[in-house]
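To start, the structure itself, in structure tokens.
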Amino acid sequence: MKYSLLSVLFFVVGSTAVAQTGTIDELVSWMTGTFSSTVQAEQDSDYYAISLVMTPVWQERYPGQHWLYVEQALVSRMDKPYRQRIYQVEALLDGRFRSAVYLLPDEEASIGKYADPPFFDQWEPEDLDLREGCAVYLTLVDGSYTGATKGQDCQSSLRGARFASSMVTISRDRIISWDQGFDAAGTQVWGAEKGGYVFDRY
């Protein structure tokens, strides 16, 4: 299935969206917490019940900076997460926000450590591996922080993909995330097809 840049833009900002001024503290507080797509999965069998947890790390070490440990897993396999990342969330001079994506030095040892943030004090930012081109750029639009990765900049080789895209909408009690992989011809090879995963805060 192919998606044009126009359809992606429509999903991200809508047809009558109005940009507003957000704050980094509000955005990070809305991203922080435990979320689940269980309700969506119960209503639509095309979606899995997934747990998403994001917790701040390095708060005392780097005051004024915002780093989050992120862990995603099937609700049925919480001990085997399929995605573990560190996000660095920053405010940009143009009023947008950037969530950069980093890989961890030791994912296996980090499983479940959202409950123990001091665990990450053994590492520094330079120990992480930046996923070039995979940052999500967000703007406060109609009461939600909404954005996406840039074009085809986020490389991916998963299941024959050449690049990946992420579209995200973050509100106070819900995160909608649509991750997709595309091959060189622009055909989708992984990810949800109908729309993003809806993660409710709980």
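The values are calculated or read from the model by the stated rules, or taken from the named source; none is laboratory data. Here the structure is a predicted model, which is why all the values come from computation and not from measurement. Cβ atoms come from the backbone with ideal geometry, glycine included; neighbour counts cover every protein chain shown.
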Residue in the range 163-184 that is surrounded by the most Cβ atoms within 10 Å (Cβ to Cβ), counting only those that are among the aliphatic types (A, V, I, L, M) and without any contact (Cβ under 8 Å) to a residue 24 or more places away in the chain: I176
Of the criteria (1) at pLDDT 95 or above; (2) part of a helix (DSSP H, G or I), which one V70 fails: (2)
Residue match in the range 140-158 (condition: farther than 28 Å from D200 by Cα and either of a type in the set (A, V, I, L, M) or at pLDDT 95 or above (or both)): no
Qualifying residue in the range 65-76 (condition: touching a residue at least 40 places away in the same chain (Cβ under 8 Å), under 20 Å from Y197 (Cα atoms), in contact with a strand residue (DSSP E or B) (Cβ under 9 Å, 6 or more places away or on another chain) and not hydrophobic (A, V, I, L, M, F, W, C)): yes
Matching residues, the range 161-190, being under 20 Å from R96 (Cα atoms) and of a type in the set (V, I, T): V168, T169, I170, I175, I176
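How many residues are part of a strand (DSSP E or B) and without any contact (Cβ under 8 Å) to a residue 60 or more places away in the chain when one looks only at the range 80-98?
7
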Per-region count, the range 56-67, residues part of a loop (DSSP other than H, G, I, E, B) and aromatic (F, W, Y): 2
Those residues of the range 13-55 which are surrounded by fewer than 18 Cβ atoms within 10 Å (Cβ to Cβ), at pLDDT 95 or above and assigned to a strand (DSSP E or B), in sequence order: G33, T34
Selected residue (criterion: nearest to S51 (Cα to Cα)) from residues of the range 84-94 that are surrounded by 13 or more Cβ atoms within 10 Å (Cβ to Cβ) and not hydroxyl-bearing (S, T, Y): Q84
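Hey, can you tell me all the residues within the range 132-143 that are closer than 24 Å to S29 by Cβ, part of a loop (DSSP other than H, G, I, E, B) and not hydrophobic (A, V, I, L, M, F, W, C)?
Matches in the range 132-143: D142, G143.
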Qualifying positions in the range 53-101 - out of contact with any helix residue (DSSP H, G or I) (no Cβ under 7 Å at 6 or more places or on another chain) and at positive phi: G64, G95
Where a residue in the range 120-133 is under 23 Å from S166 (Cα atoms) and its partner, wherever it lies, is β-branched (V, I, T), with Cβ under 6 Å and at least six apart: L128/I86; R131/V101
Answer residue from the range 134-162, given it is touching a residue at least 60 places away in the same chain (Cβ under 8 Å) and among the aliphatic types (A, V, I, L, M) and is nearest to T21 (Cα to Cα) among those: L140
Index of the failed condition, F120 passing every other in (1) part of a helix (DSSP H, G or I); (2) modelled with pLDDT of 95 or more; (3) under 27 Å from E42 (Cα atoms): (3)
Selection count where residues are in a loop (DSSP other than H, G, I, E, B) and surrounded by 18 or more Cβ atoms within 10 Å (Cβ to Cβ), scope the range 99-117: 1
Checklist (1) touching a Lys or Arg at 6+ places or on another chain (Cβ under 9 Å); (2) of a type in the set (S, T, N, Q); (3) within 21 Å of M31 (Cβ to Cβ) applied to T146, failing item: (1)
